[in-house]
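Undergrad: A single structure is presented below for examination.
The values are calculated or read from the model by the stated rules, or taken from the named source; none is laboratory data. All figures in this text were calculated on a predicted structure; none of them were measured in a lab. Ideal geometry is used to build each Cβ from the backbone, glycine not excepted, and the neighbour counts take in all protein chains shown. Only protein heavy atoms, including side chains, enter the accessible area calculation; ligands, DNA and RNA are left aside. Shrake-Rupley method; radii C 1.70, N 1.55, O 1.52, S 1.80 Å.
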Amino acid sequence: MAKFRRRTCIILALFILFIFSLMMGLKMLRPNTATFGAPFGLDLLPELHQRTIHLGKNFDFQKSDRINSETNTKNLKSVEITMKPSKASELNLEELPPLNYYLHVFYYSWYGNPQFDGKYIHWNHPVLEHWDPRIAKNYPQGRHNPPDDIGSSFYPELGIYSSRDPSVIETHMRQMRSASIGVLALSWYPPNLNDENGEPTDNLVPTILDKAHKYNLKVSFHIEPYSNRDDQNMYKNVKYIIDKYGNHPAFYRYKTRTGNALPMFYVYDSYITKAEKWANLLTTSGSQSIRNSPYDGLFIALLVEEKHKHDILQSGFDGIYTYFATNGFTYGSSHQNWASLKLFCDKYNLIFIPSVGPGYIDTSIRPWNTQNTRNRINGKYYEIALNAALQAHPSLISITSFNEWHEGTQIEKAVPKRTSNTVYLDYRPHKPGLYLELTRKWSEKYSKERVTYASDHQRPVS
């Protein structure tokens, strides 16, 4: 009888050990940032209800009680831990796939630190208040306090860098080159103008062009909604860009089906200007027409809502892009709408440029906006977006973003960091270069697939 009991105990212990091992194995299959109770991949599904939205950099979001798994952990009683940046390995350009000039990435040069700028710029971004005081009172206010407390849910491998640091710019170009990205779309304000949290950055353009050229990258311009932007000053600013930078070998031009090589301008928040104003600039009969002049170009409008399609046609734009890395947030950013948008663009001879991103989390600056967080799921969200873009057979694909750290859309290298108050998100269990590697993989795939359906065989023009 004792022998029987001993055997039963051994079998029971082995069974319990098996169950425990099975549970741990299932836990490891979940994304490393997930919390129990959050269904895997839930954030990939677009919202089915219609949202009321006001965009720009201050979004008008509806309050939601859903808390996404990707949020900062506050008030931790721990010692400060920072992962040191890994030593950058030398790029062997001959071993890398060719650059893909049909793959563009949005790039921001608005960051600053005391060493190069005399103060922190953008890293100390303020926490934006909700427009409803009843909701706003539930969230913190004030500004972030670098270097340990920054306006981002992730922490850059390069540290709290300055966009004026030539070594930072070069490292960024090297990372883009390693990812087989051919074109960076530079966030741009006219001279002496800037966003509300930054400083003027037009004087950085020459260095960015030079560093880009070193790695055979091209630079296009992402024109921001600067104060009082209209048809008249847009003409002057496009003229300024082309006159000052148009002869640089890194200045991007896109060869159209008609054989014209034209500069490309992304126009952020284009919808806030009336179609009649844009038509003055972008149609051949317009009072400020830029068409068939030395300053003609390809002007790409931001499509947010479906109704914007007809405004874009009336305005005279040459194409559309969707910018937001949040599947389901807007009509334009919803993957399920890309096929119909491509058909619309084909019908009216427009360039369709879907925007893909690795995820989205802006709760470091908009703590009330958890409902629009998109969990990266260790790269799966990014690959689903890239796959959806390829299925639409677009002329170009844009990536949001290389380094928009505030909104957590960056593919730039990020590292683990823990302070007494904050645990920053990171790319573990993968390396800091995960999203550059995924970009390179899909860039090569896009190049091969594009050849099968593109009839223009466009090439960048130096």
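Undergrad: Where only protein heavy atoms count, and the probe is 1.4 Å, what is the accessible area per residue for region 372-461 in Å²?
TA: In whole numbers, region 372-461 has 35 Å² accessible per residue.
Undergrad: Now for a different question. Using alpha-carbon positions, what is the distance between the centroids of region 355-421 and region 99-138, in Å?
TA: So the separation of the two Cα centres works out to 14 Å.
Undergrad: If packing is taken as the mean number of other Cβ atoms within 10 Å per residue, what is the order of 138-145, 267-274, highest first? Write out the running numbers ahead of the final one.
TA: Values: 138-145: 12.2, 267-274: 19.4.
Per-residue Cβ counts within 10 Å, averaged per peptide and sorted highest first, yield 267-274, 138-145.
Undergrad: Based on the alpha-carbon gyration tensor of region 101-457 and its eigenvalue square roots a ≥ b ≥ c, which shape applies: rounded if a/c is under 1.5, prolate if not and a/b is larger than b/c, or oblate? Mind dumping the intermediate values first?
TA: Working: a/c = 1.41, a/b = 1.34, b/c = 1.05.
Here region 101-457 falls in the rounded category.
Undergrad: Quick one: accessible area per residue over region 115-246, 1.4 Å probe, rounded to a whole number of Å²? Spell out each step's value before the answer.
TA: Working: 5250 Å² over 132 residues.
Accessible surface, normalised per residue, equals 40 Å².
Undergrad: Carbon and sulfur atoms: what percent of the 1.4 Å accessible area of region 222-352 do they account for? All intermediate terms of the calculation are to be shown ahead of the outcome.
TA: Numbers: 2410 of 5300 Å².
Percent of accessible area from carbon and sulfur atoms in region 222-352: 46.
Undergrad: Now, a different point. Using θ = phi - 60° and the Karplus curve 6.51 cos²θ - 1.76 cosθ + 1.60, what whole-Hz ³J(HN,Hα) does each residue of region 431-442 get, with Gly and Pro shown as x?
TA: So the J values, rounded to whole Hz, are 7, x, x, 3, 6, 6, 5, 5, 4, 4, 4, 7.
Undergrad: Provide the FRET efficiency to the nearest 0.05 for the Asn421-Asn138 pair, computing r from the beta carbons and using R0 = 25 Å.
TA: On the way: r = 19 Å, r/R0 = 0.75.
Plugging the Cβ-Cβ distance into 1/(1 + (r/R0)^6) gives 0.85.
Undergrad: Taking H placed 1.01 Å from N in the peptide plane, check which residues at least 5 places from Val423 or on another chain put their amide H under 5 Å from its amide H.
TA: Amide H neighbours of Val423: Thr73.
Undergrad: Subtract the Cα-Cα distance of Asp117 and Thr258 from 0.36 nm times their separation in residues, and report this length gain in nm to one decimal. Please report the intermediate quantities before stating the final value.
TA: Values: separation 141, 0.36 × 141 = 50.76 nm, distance 4.53 nm.
Computed gain between Asp117 and Thr258 is 46.2 nm.
Undergrad: For Tyr435, what charge total do you get from the other residues with a beta carbon under 11 Å from its beta carbon, if Lys and Arg give +1 and Asp and Glu give -1? Let's see the in-between values first.
TA: Values: positive: Arg376, Lys413, Lys431, Arg440, Lys441; negative: Glu383, Glu412, Glu437.
Here the count lands on +2.
Undergrad: Could you list which residues have their amide H under 5 Å from that of Val183, counting only those 5 or more apart in sequence or on another chain, with H placed in the peptide plane?
TA: Leu103, Val105, Lys218
Undergrad: Moving on to the next point. Rounded to whole Hz and in sequence order, give me ³J(HN,Hα) for region 344-360 from the Karplus expression 6.51 cos²θ - 1.76 cosθ + 1.60, θ = phi - 60°, writing x for Gly and Pro.
TA: So the Karplus estimates, Gly and Pro as x, are 4, 5, 4, 4, 10, 6, 10, 8, 9, 10, x, 10, 10, x, x, x, 7 Hz.
Undergrad: Another question, if that's okay. With Cβ to Cβ distances under 12 Å as the rule, what net charge do the other residues near Glu383 carry (K, R +1; D, E -1)? Please list the in-between numbers first.
TA: On the way: positive: Arg376, Lys380, Lys441, Lys445; negative: Glu437.
The answer is +3.
Undergrad: Can you return the aspartates and glutamates within cross-link range of Lys274? Criterion is Cα-Cα under 19 Å, with same-chain partners fewer than 8 residues away left out.
TA: Glu224, Asp230, Asp231, Glu305, Glu306, Asp311, Asp318
Undergrad: Name the shape class, rounded, prolate or oblate, that the alpha-carbon gyration tensor gives for region 160-261, where a ≥ b ≥ c are the square roots of its eigenvalues, rounded holds for a/c under 1.5, and otherwise prolate holds if a/b is larger than b/c and oblate otherwise.
TA: Verdict is oblate for region 160-261.
Undergrad: Could you list which residues have their amide H under 5 Å from that of Leu298, counting only those 5 or more apart in sequence or on another chain, with H placed in the peptide plane?
TA: Met264, Phe265
Undergrad: Going by a ≥ b ≥ c, the root eigenvalues of the Cα gyration tensor, does region 296-339 fall in the rounded group (a/c under 1.5), the prolate group (a/b larger than b/c) or the oblate group?
TA: Values: a/c = 2.65, a/b = 1.82, b/c = 1.46.
Prolate, because a/c is 1.5 or more and a/b exceeds b/c.
Undergrad: If I histogram all Cα-Cα distances within region 369-458 using bins 5 Å wide from 0, what percent of pairs lands in each bin?
TA: Going from the shortest bin to the longest, the percentages are 2, 11, 21, 22, 17, 12, 8, 4, 2, 1, 1, 0.
Undergrad: I'd like the Karplus ³J(HN,Hα) series for region 309-321: coefficients 6.51, -1.76, 1.60, θ = phi - 60°, whole numbers in Hz, and an x wherever there's a Gly or Pro.
TA: Running phi through 6.51 cos²θ - 1.76 cosθ + 1.60 with θ = phi - 60° gives 4, 6, 5, 5, 4, 5, 6, x, 5, 9, x, 9, 9 Hz.
Undergrad: Would you mind getting the accessible area per residue of region 289-359, heavy atoms of the protein chains only, 1.4 Å probe, in Å²? List each step's numbers first, then the result.
TA: On the way: 2270 Å² over 71 residues.
Roughly 32 Å² per residue, with all protein chains present.
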